[in-house]
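Notes follow the structure.
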Amino acid sequence: MPKRIETGTVTSAASAKTRRVEIPRVVRHPKYGRIQHRRTVCHVHDESEESQLGDTVEIIECRPRSRLKRWELVRVVAKSTAVDVASLRSGARATELRETAARAEEAAASGRPLAEKGAAT
């Protein structure tokens with residue numbers, strides 16, 4: 001029997017060489033006929049750790065590698081375009097980054113060099 005190949009989204013990349021991938025599917029309720037959204041969760045072995053949170057990946061069935069891992073990563077189909085919130089430590093840091101960007105735009109528009117933080121203007 002051929003190995004199954006699926007496409008899903010990485011929802012967790014917390015463990016080393018392991019990714020949690022969700023594969024969405026749409027099913028019709030057998031009795032009421034209502035359309036329902038379901039998901040299948042697969043634990044995937046990612047040897048080179050090339051996938052990150054939010055990436056769309058292609059996975060293939062493999063022999064059991066651990067209690068939960070039965071899939072291997074084939075390739076990353078699309079990288080995530082989400083902003084890395086972890087790098088912004090707090091709201092104050094985000095505000096500081098916005099202010100720095102605004103000052104840089106002002107300096108570029110007026111033709112004067114950007115003043116360093118803490119320097120008198």
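The values are calculated or read from the model by the stated rules, or taken from the named source; none is laboratory data. Quick caveat, the model's predicted, so the values are computed rather than measured. All Cβ positions, glycine included, derive from the backbone under ideal geometry; neighbour counts span all protein chains shown.
Key figures
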| item | result |
| --- | --- |
| Pairs where the first residue, in the range 61-80, is on the phi < 0 side of the Ramachandran plot and the second is aromatic (Phe, Trp, Tyr) and not in a loop (DSSP other than H, G, I, E, B), C-beta under 7 Å, 6+ apart | Glu61/Trp71; Cys62/Trp71 |
| Of residues in the range 29-49 being in contact with a strand residue (DSSP E or B) (Cβ under 6 Å, 6 or more places away or on another chain) and among the charged types (D, E, K, R), the one surrounded by the fewest Cβ atoms within 10 Å (Cβ to Cβ) | Arg38 |
| In the range 60-82, the residues that are farther than 11 Å from Thr7 by Cβ, touching an Asp or Glu at 6+ places or on another chain (Cβ under 8 Å) and of a type in the set (Gly, Ala, Ser) | Ser80 |
| Filter result for His43 (part of a strand (DSSP E or B), more than 20 Å from the chain's Cα centre (by Cα) and assigned by TED's automatic domain parsing to the domain that holds Glu72) | no |
| Ser12 vs. criteria in contact (Cβ under 8 Å) with a residue 40 or more places away in the chain and either exposed (fewer than 10 other Cβ atoms within 10 Å of the Cβ) or among the polar types (S, T, N, Q) (or both) | yes |
| Residue identified as exposed (fewer than 10 other Cβ atoms within 10 Å of the Cβ), of a type in the set (Gly, Ala, Ser) and modelled with pLDDT under 95 among Ala86, Ala102, Ala107, Ala94 | Ala86 |
| Residues that are surrounded by 13 or more Cβ atoms within 10 Å (Cβ to Cβ) and more than 22 Å from Pro2 (Cα to Cα), drawn from the range 15-28 | Lys17, Thr18, Arg19, Arg20 |
